[in-house]
């Protein structure tokens, strides 16, 4: 089983308090209707990456786990390898591994690919089902590998998707779909 981390394993609201504080906004998750935060914040890409460089370590180390994800991951870990493939950049490796250890989340492997294109890593690890929050990633993975991709529903990923992209509004719904898929496989 393969998993994205941010917005999938972590609560999709994770960035909001930091964005509000630094950019003096009053955003909620419902205001984030695009994955690209520059247009929502009215800033340039350069300004965004400058902000990320300053705060991403803190944000990632303090990120809360999505509701029900911890329990479900522990349950799945009894019968499945849990491979995490994230767009986080490689310099965040220690922060990422420490977060998993501090949260006592099970993992077999964590790969920081440093970009949103995860296709090579998914192929390398022979992932049979993937969990994602970025719409175009979910579609690309489903189409490239003909595997189901659970798209954790957020306001920023609500574009139409092909049949193999399964929208789940929460981890309990995702678990129900996956458990049924496993039974039928």
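The values are calculated or read from the model by the stated rules, or taken from the named source; none is laboratory data. Keep in mind the model is a prediction, meaning the values are calculated, not measured. Positions of Cβ are backbone-derived with ideal geometry, glycine not excepted, and every protein chain shown enters the neighbour counts.
Summary of values
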{"quantity": "Test: residue 95 is at pLDDT 95 or above, under 28 Å from residue 169 (Cβ atoms) and touching a helix residue (DSSP H, G or I) at 6+ places or on another chain (Cβ under 9 Å)", "calculated": "no"}
{"quantity": "Hits in the stretch 127-137 (condition: in contact with a strand residue (DSSP E or B) (Cβ under 9 Å, 6 or more places away or on another chain) and surrounded by fewer than 18 Cβ atoms within 10 Å (Cβ to Cβ))", "calculated": "128"}
{"quantity": "Scan of the stretch 150-185 for residues that are within 13 Å of the chain's Cα centre (by Cα) and more than 24 Å from residue 27 (Cα to Cα), ordered by number", "calculated": "150"}
{"quantity": "Residue list for the stretch 80-94, filter: buried (at least 17 other Cβ atoms within 10 Å of the Cβ) and free of Cβ contacts under 8 Å to residues at least 60 places away in the same chain", "calculated": "92"}
{"quantity": "Matching residues in the stretch 1-43 - criterion: being part of a loop (DSSP other than H, G, I, E, B) and touching a strand residue (DSSP E or B) at 6+ places or on another chain (Cβ under 9 Å)", "calculated": "1, 4, 5, 6, 7, 8, 9, 11, 12"}
{"quantity": "Residues of the stretch 147-160 satisfying the condition of being under 22 Å from residue 176 (Cβ atoms) and either surrounded by fewer than 18 Cβ atoms within 10 Å (Cβ to Cβ) or free of Cβ contacts under 8 Å to residues at least 60 places away in the same chain (or both)", "calculated": "147, 148, 149, 150, 151, 153, 158"}
{"quantity": "Which numbered condition residue 59 fails, given (1) surrounded by fewer than 16 Cβ atoms within 10 Å (Cβ to Cβ); (2) touching a helix residue (DSSP H, G or I) at 6+ places or on another chain (Cβ under 6 Å); (3) in a helix (DSSP H, G or I)", "calculated": "(1)"}
{"quantity": "Neighbours by Cβ (under 7 Å, 6+ apart or cross-chain): first from the stretch 46-67, free of Cβ contacts under 8 Å to residues at least 24 places away in the same chain; second surrounded by 15 or more Cβ atoms within 10 Å (Cβ to Cβ)", "calculated": "48/37"}
{"quantity": "Lone unmet requirement of (1) within 23 Å of residue 56 (Cα to Cα); (2) out of contact with any strand residue (DSSP E or B) (no Cβ under 8 Å at 6 or more places or on another chain); (3) crowded, with 17+ Cβ neighbours inside 10 Å for residue 121", "calculated": "(2)"}
{"quantity": "Selected residue [under 21 Å from residue 35 (Cα atoms) and over 17 Å from the mean Cα position of the chain (by Cα)] from 143, 132, 75", "calculated": "143"}
